[in-house]
Amino acid sequence: MLKYVIKRIFRSFMTLFIVTSVVFMLMRLMPEEGYFGDGYDKLDEVQREAIMTGMGLRDPMHIQLFHFYKGLIKGDLGTSITYRPKVPVTEILAKKIPYSLWLGLSSIFIAIIFGLWMGISMAQHKDRLIDGAGTFYIVFIRAVPSAVYYLFLQLYLTSWLKLPILFDVDDKASFFLPLLSMSLVSLAGYAMWMRRYMVDELNKDYIRLARAKGLKSKEIMFKHVMRNAFVPMAQYLPTSILFAISGSLYIESLYSIPGIGSLLVESIQRQDNPLVQSLVLIYAAISIFGLLMGDVLMAFFDPRIKFEAQGGGR
């Protein structure tokens, strides 16, 4: 297990290095006008060259990359160019991350509680009304583009329930719709997978044997079926939590939430290279760490899983 984890950590750092480096180089291929914002036409060619040279953008690509990683090791992510000129990126992120962190953790907590409950109820009442209603909800959420029901919630629930249409940190009521919107997709996913794995377990021979021995349905469901059904779910749990923490790009933009999700969209539009690179680094680290933790959790919940040469690991 330790050998596998060390190997995966090494692979993770290599993947993170490649992703970050590719994004870094692609950003350097963008038009130079983006580095100056609205002031591009106000500068002559000599002034533009002086600014580009001062930012190190005339250095060879490998030199620019070296300086980026040198600063990264020291905890220096550079300064914003166009979003908040000359303000350290770390200072900008420090103000944005708490919003995404709180909303992400809260929404995933809601999704896990209600999603697992829905999946368990659907498995217990397979082919009945509860199962049919849950299946309809899952199909609807996964088939209909999320932007459709996000806009529906924002436009109609705000008037029906007298809720604010945009996020306001001082108004607790404004948290309701973003939390609800961020929970819908994850909730459907947890319900779908929990139902599937529980139904699979219910059809296995050891469940028939337990019933033949006279064990009660609740005891079979909670002591055996749920425990075994949760093993494959554990692989996706860290990834979903970490992605929720990183924030929803669309929802944060829709409700004007000052988190890192909406920040990524705006920094790309403004071609703020240091900010984009830092956010890509965060998102890449989140996804890679989530995959690693998913495999480790599977082994924790099911000791039969081995990461040996037989091909158990990714």
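The values are calculated or read from the model by the stated rules, or taken from the named source; none is laboratory data. Computed from a predicted structure; not experimentally measured. Cβ coordinates were reconstructed from backbone atoms using ideal geometry, including for glycine residues, and neighbour counts include every protein chain displayed. Just so you know, the surface numbers come from the protein's heavy atoms only, side chains and all, with ligands and any DNA or RNA stripped out. Shrake-Rupley method; radii C 1.70, N 1.55, O 1.52, S 1.80 Å.
Where the centre of each part is set by its Cα atoms, how far does the stretch 1-73 sit from the stretch 259-292, in angstrom? Comparing the Cα centres of the stretch 1-73 and the stretch 259-292, I get a distance of 13 Å. A simple spin-label model places pseudo-atoms 7 Å from Cα toward Cβ; at LEU101 and HIS67 they are separated by 3.1 nm. Using the crude model of +1 on Lys and Arg Cβ and -1 on Asp and Glu Cβ, and no other charge, please compute the dipole size for the chain relative to its Cα centre, in debye to 20. I would put it at about 1800 debye.
Within the straight-line cut-off of under 29 Å between alpha carbons, the lysines reachable from LYS42 are LYS86, sequence neighbours fewer than 8 places apart in one chain being disregarded. When the accessible area of the chain is computed with all protein chains present and a 1.4 Å probe, what percentage of it is carbon and sulfur? Using a 1.4 Å probe with all protein chains present, the chain comes out at 67 percent carbon and sulfur. Rolling a 1.4 Å probe over the heavy atoms of the protein chains gives the chain an accessible area of 57 Å² per residue. Here r is the Cβ-Cβ distance between SER21 and ILE113 and R0 is 41 Å; the resulting FRET efficiency, rounded to 0.05, is 0.55.
If you plug the beta carbon distance of GLU266 and LYS86 into 1/(1 + (r/R0)^6) with R0 = 22 Å, you get a FRET efficiency near 0.80. Taking 7 Å steps out from each Cα toward its Cβ at ARG211 and TYR250 produces label points 4.1 nm apart. Between THR79 and VAL89, the built amide H atoms are under 5 Å apart, and every one of these is 5 or more places off in sequence or on another chain. Taking the average, over residues, of other Cβ atoms within 10 Å as the packing measure, peptides 131-138, 84-91 rank 131-138, 84-91 from highest down. Rounded to 0.05, the FRET efficiency of the ASN203 and ALA133 pair, given R0 = 30 Å and the Cβ-Cβ distance, is 0.85. Membrane-span-like helices in the chain, defined here as complete DSSP H runs extending at least 15 Å along the helix axis by their C-alpha atoms with mean Kyte-Doolittle hydropathy no lower than 1.6, are 273-301; this is a sequence and geometry rule, not a statement about a membrane.
For ASP170, the accessible surface of its heavy atoms amounts to roughly 140 Å² (probe 1.4 Å, protein chains only, rounded to the nearest 10). Ranked by the mean number of other Cβ atoms within 10 Å per residue, highest first, peptides 257-270, 49-62 order as 257-270, 49-62.
Would the chain count as rounded, prolate or oblate if I go by the C-alpha gyration tensor, calling it rounded below 1.5 in a/c and otherwise prolate when a/b exceeds b/c, oblate otherwise? Note, shape of the chain comes out oblate.
When the C-alpha to C-alpha distance is required to be over 22 Å, the pairs from LYS95/LYS162; LYS126/LYS216; LYS126/LYS223 that qualify are LYS95/LYS162. The length gained by stretching the chain between LEU157 and PHE222 to full extension, at 0.36 nm per residue less their Cα-Cα distance, is 19.7 nm. In a fully extended conformation the segment linking LYS74 and PHE13 would gain 20.3 nm over its present Cα-Cα distance, using 0.36 nm per residue. Per-residue packing, averaged as other Cβ atoms within 10 Å, sorts the ranges 219-225, 42-48 into the order 219-225, 42-48, beginning with the highest.
Taking every protein chain into account, the 1.4 Å probe leaves TYR206 with about 80 Å² of accessible area, to the nearest ten. Short-range pairs are left out: with C-alpha atoms under 8 Å and at least six residues apart, the relative contact order of the chain is 27 percent. Between HIS125 and GLN47, what length in nm is gained on full extension when 0.36 nm per residue of separation is reduced by their alpha carbon distance? That works out to 20.9 nm of additional length.
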